[in-house]
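**Q** This is the structure, below, for whatever I ask next.
Every number in this text was worked out from the coordinates using simple rules, so none of it is lab data. Bear in mind that the values here come from a model prediction, so they are computed numbers and not experimental data. Virtual Cβ from ideal backbone geometry, glycine too; neighbours counted across all protein chains shown.
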Amino acid sequence: MYTEKVMDHFKNPRNVGEIESASGVGTVGNAKCGDIMQIFLDIDENEIIRDVKFKTFGCGAAVATSSMATEMIKGKSVDEALKITNAAVVEALEGLPPAKIHCSVLAEEAVKAAIEDYMKKRDEAK
Amino acid sequence: MYTEKVMDHFKNPRNVGEIESASGVGTVGNAKCGDIMQIFLDIDENEIIRDVKFKTFGCGAAVATSSMATEMIKGKSVDEALKITNAAVVEALEGLPPAKIHCSVLAEEAVKAAIEDYMKKRDEAK
Amino acid sequence: MKVYLDNAATTMVRKEVVDAMIPAFTTYYGNPSSLHEFAREAEQLLDSARKDVAAVINAKPDEIVFTGGGSESDNMALRGAVAANKKKGKHVITSAVEHHAVLYTLQAMEREGLIDLTILPVDEYAVVSAESVANALRDDTVLVSIMFANNEVGTINPIAEIGKVCRDKSVLFHTDAVQATGHVPIDVVEMNIDLMAISAHKFHGPKGVGALYIRKGVRIPSLIIGGGQEKKRRAGTENVPGIVGLATALKLANEHMTENAVKVGALRDKLLKGIADTIPDVKLNGHPTNRLPNNVNYSIRYIEGESILLMLDINGIAASSGSACTSGSLDPSHVLLAMGLPHEIAHGSLRLTLSEFTTEEEIDYVLDLLPQIIQRLRDMSPLYPKQK
Amino acid sequence: MKVYLDNAATTMVRKEVVDAMIPAFTTYYGNPSSLHEFAREAEQLLDSARKDVAAVINAKPDEIVFTGGGSESDNMALRGAVAANKKKGKHVITSAVEHHAVLYTLQAMEREGLIDLTILPVDEYAVVSAESVANALRDDTVLVSIMFANNEVGTINPIAEIGKVCRDKSVLFHTDAVQATGHVPIDVVEMNIDLMAISAHKFHGPKGVGALYIRKGVRIPSLIIGGGQEKKRRAGTENVPGIVGLATALKLANEHMTENAVKVGALRDKLLKGIADTIPDVKLNGHPTNRLPNNVNYSIRYIEGESILLMLDINGIAASSGSACTSGSLDPSHVLLAMGLPHEIAHGSLRLTLSEFTTEEEIDYVLDLLPQIIQRLRDMSPLYPKQK
Ligand SMILES: Cc1ncc(COP(=O)(O)O)c(C=O)c1O
Ligand SMILES: Cc1ncc(COP(=O)(O)O)c(C=O)c1O
């Protein structure tokens, strides 16, 4: 049912964990629907994502999309990271079953929520 | 589906044939329903059935019940033969499938029709 | 000698098919809906079976729904097509010579008030003409169900023409292809078929498994409701070994179709001719040329079908009179009556259906015995003209 | 190591069963409705299978109708019982934890306007009480359908009590015994059961074949219409090999029922205890004692079911979360929700179902791996409390 790439990211998820005093944190989904994703960003003064970690409660696809999304934005600028789409995550994973596409949407949303959180904090700090 | 006794009478039917200038002939059933039985009687002056023959168009049970019925009345008096019942024929054959009971009824009717024919001829001759 | 000539009733499961099924019983036994390796193995078997079946009839894999047999496929197609088109109307057209899985189902639906039913007559060969279908179509017609090939007399209907007539009027066309599949070429696209019933045990596959072709875009509700199997079209844990058996048998039948038609057809012709030559007062039932390559059906005057079967059986020959499912009943074949045969002749029909496993020796044996058997029964029959 | 712990989804067909089926594929392949030796041989196989199945549940042979599986049996019972009792009323009672073959069918029938449906709640163990059935009965109640044992959590219902309540009010009682048959003793007479669904592949028989017990005197119309097979109760050429497989498997399961319950129960208890001892924050689902001997079902807090299954699968262990047919879906188990579990906990359930072929080594292997797997997933979960 899952591609090898998905299984690879499920078995060996990249960037699992949390970042203490992160620049931005995004949490999307809810336990009722069976998926929660949390993304932690460490962003430097040039607005480059220096580090990213995630925690996910959910199915195999939820774990794999979180993992892939963190890989895709690591080292990128905030602006670039904002351009991430769920379709790009799916493509990078070489496909997802139709019933699991919503997980990639969650991953996109989690990244964006974390960046928004960062921006809010940044603007407040100004 | 058929008992051994039925198959024996089907394979080796007793008294097949016709009797020229029979004392009585009975024909029952019709081709539309798939069964026709014809019974020929040769009855002597003491009203004993000296000989009996049958012809049957029909299924295995039709042949077997005709054969058995002729056996049961051969050598009997007309009065005794009139007492033949379809149940007795079924019993003598050690049973018939439910869907085939009507064949035994036909056999009883054929015997009775042949005897009636005989009686009619006898009374007319008086 | 044991001679099996009742292949229209059911067939022997061929060795290759049994061999293909066994691993699905004992090794790849997972439930295809589960999430683990056993399940994925079973799912792969299902997927490849679906592809194989689709390829044979020029369908797409997801147009194939596996079922519990030909009767279920017919029932599902008929009830489903009618339920899905309630808004359009409730007129259904079928023919007088359909298998009971179609005819009795439609008649039950008529009694239930679900449909208005037109039962088309057939010609003397049991053919349903496309013209008669065209003439029967109404604005409120929602479904036409005409069998591909007849199970008793083997007549093949002009399915492509009937399909065209229906498609032109946007009326759903179901065909009961239980006797045809694996025996004659079928192209669901070219023939404009919307729904088509298949049963594995008619082409050396296992009993209790069938398929329903449902053309993409045609949506019909499930007959059996429950789990989401078969893309929610047929609930119940998939019969993986049976489905593998169906697909394997159909693939093999298809690969050897032309060669088998020639081989079986030649033996069939020998049998047809042999009977005509040695037994007087017989009448061939069904179309002389447009018929299944394995079907012989004769009416044998003056005697009744069951007696013939019993005599053949005593001599090791398995045959039938009319269809298997009604051979226990008292009524003569509704097919022969619809073809215009009088009752007493319809009562005396003999169906001999061959397979690729039938041998020439077997045919010779039958041809040797049959005349004696017929004569013996005729001598017992009050209908048989004397001195003939 | 490969460990199959998904026996509630389906089971391996045991060797004795395959061996019993093979002659019916290749030698006794006749159509039981035909009139010849091949047919009689097949019919004898059918007859003796029917006797064997009847004996196991204390029924009479002609009270057993063979079908294409558990879902078909359920559909036939429900639609049939309602259709046969139209005059009396249209109220039907069922429970919230039924298999979808019952629940979805009844809900579809409700949408079709055929019935008024009462869905009874269950207690925290998924038990349906006889009192709740008694209280729900109305003058126009025509059918009660309560499952014998639950497929997800293994809870066994008080079937004899429910049967008595129904019989006292002359209301038909159907029980879906697909999970119970062959695993726990069933006596249809003593338990006052009118209709009962059975599926072969849940007790090491083949997929795609089932049975419906119909008590003598209860008349229900066919779901599948056509030929007169199964005394006109289920059309379609009988699946002789499948039926032989069902009967052989059930006979064997019955003969070894007590011994297997002890053996499997002991391993099950080891697994139950092992999990409780080594993994914190787990909750046993289902009744602690009134449960199928082979069922383990735990909710494992903070993590989601599919992830657990994938991790187990990577390590060769086949398990499930909820029932097989819904494991592809996004909704949490309707059974666990009906038992009162909150959504996030219902999402994290793990069902491990054993069979008599399960070994102690396999259980040890699972107990060894499971804690690590759970810990790994919990470490990834945002719900898992830190420093715990
Ligand atoms: C309780 C219950 N009822 C019905 C079914 C349906 O049986 P089948 O898959 O044989 O149609 C199942 C299993 O799938 C089940 O566990
Ligand atoms: C033309 C036709 N339709 C339907 C069926 C029913 O198929 P099954 O017996 O597999 O249900 C048969 C054979 O029995 C048949 O010959």
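**Q** When chain D is treated as a GNM, springs tying every alpha-carbon pair under 10 Å, which of D:ASP47, D:ASP277, D:ASP187 comes out with the largest mean-square fluctuation?
**A** D:ASP277
**Q** Now, a different point. Can you tell me the FRET efficiency between C:LEU284 and C:THR359 if r is taken as the Cβ-Cβ distance and R0 is 25 Å, rounded to the nearest 0.05? Intermediate results must be reported in sequence, preceding the final value.
**A** Details: r = 23 Å, r/R0 = 0.92.
About 0.65, to the nearest 0.05.
**Q** Which angle between 0 and 90 degrees, to the nearest 10, do you get for helix C:159-168 versus the longest principal axis of chain C when only C-alpha atoms count?
**A** For helix C:159-168, the angle is close to 40 degrees.
**Q** Specify the angular offset, from 0 to 90 degrees and rounded to the nearest 10, of the alpha carbon long axis of helix C:70-84 from the longest principal axis of the alpha carbons in chain C.
**A** 50
**Q** What value, in deg cm²/dmol to 500, does the helix sum -39500 (n - 2.57) over DSSP H runs of n ≥ 4 give at 222 nm once divided by the residues of chain D?
**A** Working: 13 runs with 159 residues, N = 388.
That comes out to -13000 deg cm²/dmol.
**Q** Which whole DSSP H helices in chain B pass both tests: a Cα extent of 15 Å or more along the axis and a mean Kyte-Doolittle value no lower than 0.0?
**A** Both cut-offs are met by B:60-73.
**Q** Mind giving me the nanometre distance, one decimal, between the label points for D:ASP116 and C:ASN58, set 7 Å out from Cα along Cα→Cβ?
**A** Once both label points are built, they end up 5.5 nm from each other.
**Q** B:VAL16's amide H: which non-local residues (gap 5+, or another chain) put their own amide H closer than 5 Å, with H modeled 1.01 Å from N in plane and none for Pro or chain starts?
**A** B:PHE54
**Q** Also, quick follow-up: Report the full-extension gain for the segment D:GLU124 to D:ASP47: residue separation times 0.36 nm, less the Cα-Cα distance, to one decimal in nm. Mind showing how you got there, number by number?
**A** Values: separation 77, 0.36 × 77 = 27.72 nm, distance 4.33 nm.
Full-extension gain reported as 23.4 nm.
**Q** Say each of A:ASP79 and C:ARG138 gets a label point 7 Å from the Cα, pointing the same way as Cα to Cβ; how far apart are those two points in nm?
**A** Going from the A:ASP79 label point to the C:ARG138 one covers 7.2 nm.
**Q** Measure out, as a whole number of angstrom, how far apart the alpha-carbon centroids of region B:1-59 and region C:126-164 sit.
**A** Here the answer is 46 Å between Cα centres.
**Q** Can I ask one more? Going by Cα centres, region B:85-126 and region D:174-223 are how many Å apart?
**A** Comparing the Cα centres of region B:85-126 and region D:174-223, I get a distance of 46 Å.
**Q** Taking neighbour Cβ counts within 10 Å as the exposure measure, how do A:ILE43, D:ILE22, C:ILE374, D:ILE314 sort from fewest upward? Let's see the in-between values first.
**A** Details: A:ILE43 23, D:ILE22 17, C:ILE374 26, D:ILE314 14.
Listing A:ILE43, D:ILE22, C:ILE374, D:ILE314 from fewest to most nearby Cβ atoms yields D:ILE314, D:ILE22, A:ILE43, C:ILE374.
**Q** Just to confirm the number: angle between the C-alpha axis of helix D:305-314 and the first principal axis of chain D, 0 to 90 degrees, nearest 10?
**A** 90
**Q** Taking every alpha carbon pair in region D:256-348, what does the distance histogram look like in 5 angstrom bins from 0, in percent?
**A** Final binned percentages: 3, 12, 20, 25, 21, 13, 5, 1.
**Q** Shifting gears a bit: So, in nm, how far is label B:LYS32 from label A:ALA99 when the simple model puts each one 7 Å beyond its Cα toward the Cβ?
**A** Reported label-point gap for B:LYS32 and A:ALA99 is 6.0 nm.
**Q** Same structure again: What fraction of the DSSP beta bridges in the protein assembly as shown is antiparallel, stated in percent and rounded to the nearest 5? Before the final figure, lay out each step's value.
**A** On the way: 72 of 110 bridges.
About 65 percent, rounded to the nearest 5.
**Q** Whose Cβ in chain D comes nearest the axis that rotates D onto C, and by how many Å?
**A** Closest Cβ to the D-to-C rotation axis, residue and whole-Å distance: D:GLY68, 1.
**Q** Take peptide C:7-20, look around each residue's Cβ out to 10 angstrom, count Cβ atoms belonging to other protein chains, and average those counts.
**A** The shielding value for this peptide is 4.
**Q** For region B:74-102, list residues with backbone N below 15 Å from a point placed 7 Å from the Cα of B:ARG50 toward its Cβ?
**A** Hits in region B:74-102 for B:ARG50 at 15 Å: B:74-78.
**Q** Follow-up question, since we're still on this one. Counting only the backbone N, which residues of region A:13-43 are under 11 Å from the spot 7 Å out from the Cα of A:ARG122 toward its beta-carbon?
**A** A:24, A:43
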